[in-house]
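Q: Let me give you the structure first, and then I'll get to my questions.
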Amino acid sequence: MPPFRSRARGMGCVFCKKLEPGPKEDVGLEEDFRGYGAADRYGPAPTQGWPASSFAHIPNYNNFSPQPASPAFLNGGTSRGISARVTGGRLDPSALDRLATFPATTWPLWTPSRLKSAFSLSIRDWDQARGDHVKHYKIRKLDTGGYYITTRAQFDSVQELVQHYLEVNDGLCHLLTAACTIVKPQTLGLAKDAWEISRSSIALERRLGTGCFGDVWLGMWNGSTKVAVKTLKPGTMSPKAFLAEAQIMKLLRHDKLVQLYAVVSEEPIYIVTEFLCHGSLLEFLKDREGQGLRLPQLVDMAAQVAEGMAYMERMNYIHRDLRAANILVGERLLCKIADFGLARLIKDDEYNPQQGTKFPIKWTAPEAALFGRFTIKSDVWSFGILLTELITKGRVPYPGMNKREVLEQVEHGYHMPCPPGCPASLYEVMEQTWRLDPEERPTFDYLQSFLEDYFTSTEPQYQPGDET
């Protein structure tokens, strides 16, 4: 394991869960392993020593503390879900908007990145009018160093505050019970230098799906690591071109992008990625669990996709085939973007916009379908179509219209009507993504912010504590 270096002296970390090594040459970490001075070398894979994505917020599968950890802190702290992942100044949706999928009164404690010294407590609640929803309580800090939600109950530490509300609700909507499930870290690769791997190292166990150009399998790498494997039919794309593109794809690392682990570059090509348990968003929306989703959950899933695409926007990378079939769903409604960049490598004539039966015309911006002008703005158009898939729980876009009719109509400014049950404000954003002039379409950064903050205008972000 590479040595840790730190600019923030005195900062320490405690790994609260045992970290099993992958390949035999990797190093594991024992439970309660302490590594002090780790702040600037921390990342999703501690054994690899990747730099931290932010010093303001740390994923909740590890605890950073300025003091050596004690059993009391571990039992009442991180292992109970005290800290949770924060992105862009808000709690990650896996622990906030999707908190409504956790058991009743589940709670994380989190730090808004714009307020580095502040905390907020978020609690799942339910009422007849709104169903499952989340309430937020701001934890204020006293000039003397204490913490409180209501002035009548003040505590020397955040841990003491949480322990108090585990025993009595004292003005909160509920007594605290179960903490948020600890998030599993995203693995950045199978092993050091394991990029082009041998076919014999992958065991295909179960077919998960079949597409136009190959199959997707649940597999095991070296008998120890669960992976997803996309197998491409021979002739689908040039192995040399694919390998060149894959070298770029593996550098794209974000929580909302499916992580590319390794490839088998000889035909039939294998693309080895992380495995997400619920498969494609399209199929998930059509099954029983997906059919039961409500608007807040659907909007949150859209926000996650927008977050991943905003990262690709910043990296100047184009997806070219953004739709629900290419979004994967994991536990707690976690959404990740898959198959980015592959569409342009496909050699099949049937994937031609003008004549191919396999080309996804209904998701494609007119300038891309008619003239091959794929840009991040054509991805924005596709995202608007994906929003209709979410709201309609997997309905095919432009119902009752064939591909030729769709292309002719959208070229002249036709928009799908507002889907049933879709709020007018959300449909207005869909229409913005379908503007004929690509430069008039919104950015993914804007779409992410709009969707993340979608409900803040209709209800207060924070609940007042009960001062009585």
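Q: Which condition number in (1) over 24 Å from Glu440 (Cβ atoms); (2) modelled with pLDDT of 90 or more; (3) among the aliphatic types (A, V, I, L, M) is the one that Ala368 fails?
A: It fails just one condition, (1).
Q: Let me ask you something else. Among the numbered criteria (1) part of a strand (DSSP E or B); (2) modelled with pLDDT of 80 or more, which one does Asp125 miss?
A: Of (1) part of a strand (DSSP E or B); (2) modelled with pLDDT of 80 or more, only one is false for Asp125: (2).
Q: Filtering segment 202-250 down to residues that are among the basic types (Lys, Arg) and in a strand (DSSP E or B), which residue is nearest to Met312 (Cα to Cα)?
A: Residue satisfying both the conditions and the ranking: Lys230.
Q: Inside segment 155-168, can you point out the residues that are outside any helix (DSSP H, G or I), farther than 17 Å from Ser120 by Cβ and of a type outside the set (D, E, K, R)?
A: Across segment 155-168, the qualifying residue is only Val168.
Q: I'd like to check which helices (runs of 4 or more DSSP H) are fully inside segment 361-446 and have at least 3 residues that are under 28 Å from the mean Cα position of the chain (by Cα).
A: Qualifying helices (runs of 4 or more DSSP H): 376-391, 424-433.
The values are calculated or read from the model by the stated rules, or taken from the named source; none is laboratory data. Bear in mind that the values here come from a model prediction, so they are computed numbers and not experimental data. Virtual Cβ from ideal backbone geometry, glycine too; neighbours counted across all protein chains shown.
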